[in-house]
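Colleague: I have a structure here, written as structure tokens, and I will follow up with some questions on it.
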Amino acid sequence: VKRSGCQLTAIKYSQPIDGREAIIVATPANTGNRNDGHVYVFLMNDDKTLELVYNYDINEGNEYYAYSCLAELSNGDLGLLWESGNAAVTYSVLDMDKVIARENNVNLTFKAVADAQGLPYTDPETLF
């Protein structure tokens, strides 16, 4: 996951993925521009670290992708409202089976840290 300098959106998915809790993030993948939108699926390990397991390409390549809002739909798929080219607003329904397909598995691990109240979270500097 790369830092894009653009707003991202994240949700806790209601159902286990591969038997673990899941955090799903949508953001531009390009560090220099607002383009190349991706959905990243992080799975929680027993030690509370997050493992980036799936990386799904929303709009393939260097197409414009900026501000977005992600939601889980009642059937488990994802609804994604996002800014595409020429400031157009695009709504996409992402099939969760495709998002977590084997070809999107990346298998990267990030270390968890604690916030000021001692609650675990993953440091954004280690993610982007």
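Colleague: For the pair Glu103/Arg20, report the inter-label distance in nm, with labels modelled 7 Å from Cα in the Cβ direction.
Modeller: 2.4
Colleague: Also: Just to make sure I understand: if all protein chains stay in place, what is the order of Thr31, Thr90 by accessible area at 1.4 Å, largest first?
Modeller: Result of the area sort, largest leading: Thr31, Thr90.
Colleague: If packing is taken as the average number of other Cβ atoms within 10 Å across a peptide's residues, how do 78-85, 11-18 rank, most packed first?
Modeller: In descending order of packing, they fall as 78-85, 11-18.
Colleague: Further, regarding this structure: Would you pull out the residues with amide H under 5 Å of Tyr13's amide H, same chain only if 5 or more places away, H placed 1.01 Å from N?
Modeller: Here Ala22, Ile23, Ile24 satisfy the definition.
Colleague: While we're looking at this one, here's another question. Around Val53, what is the net charge, scoring Lys/Arg as +1 and Asp/Glu as -1 over all other residues with Cβ under 13 Å from its Cβ?
Modeller: Residues near Val53 contribute -2 overall.
Colleague: I need the phi-derived Karplus couplings for the range 42-53: 6.51 cos²θ - 1.76 cosθ + 1.60, θ = phi - 60°, integer Hz, Gly and Pro marked x.
Modeller: 9, 10, 7, 8, 4, 8, 6, 7, 9, 10, 6, 10
Colleague: At what distance in nm do the modelled label points of Ala71 and Lys48 sit from each other, each positioned 7 Å from its Cα along Cα→Cβ?
Modeller: 3.1
Colleague: ³J(HN,Hα) across the range 13-18 via Karplus (A = 6.51, B = -1.76, C = 1.60, θ = phi - 60°), whole Hz, x for Gly/Pro?
Modeller: 6, 6, 10, x, 10, 6
Colleague: Set the Förster radius R0 to 25 Å, insert the Cβ-Cβ distance between Val89 and Lys12 as r into 1/(1 + (r/R0)^6), and round the FRET efficiency to 0.05.
Modeller: 0.50
The values are calculated or read from the model by the stated rules, or taken from the named source; none is laboratory data. Predicted model only: the values in this text are computed from it and were never measured. Ideal geometry is used to build each Cβ from the backbone, glycine not excepted, and the neighbour counts take in all protein chains shown. In case anyone asks, the SASA skips ligands and DNA or RNA and just uses the protein heavy atoms, side chains included. Shrake-Rupley method; radii C 1.70, N 1.55, O 1.52, S 1.80 Å.
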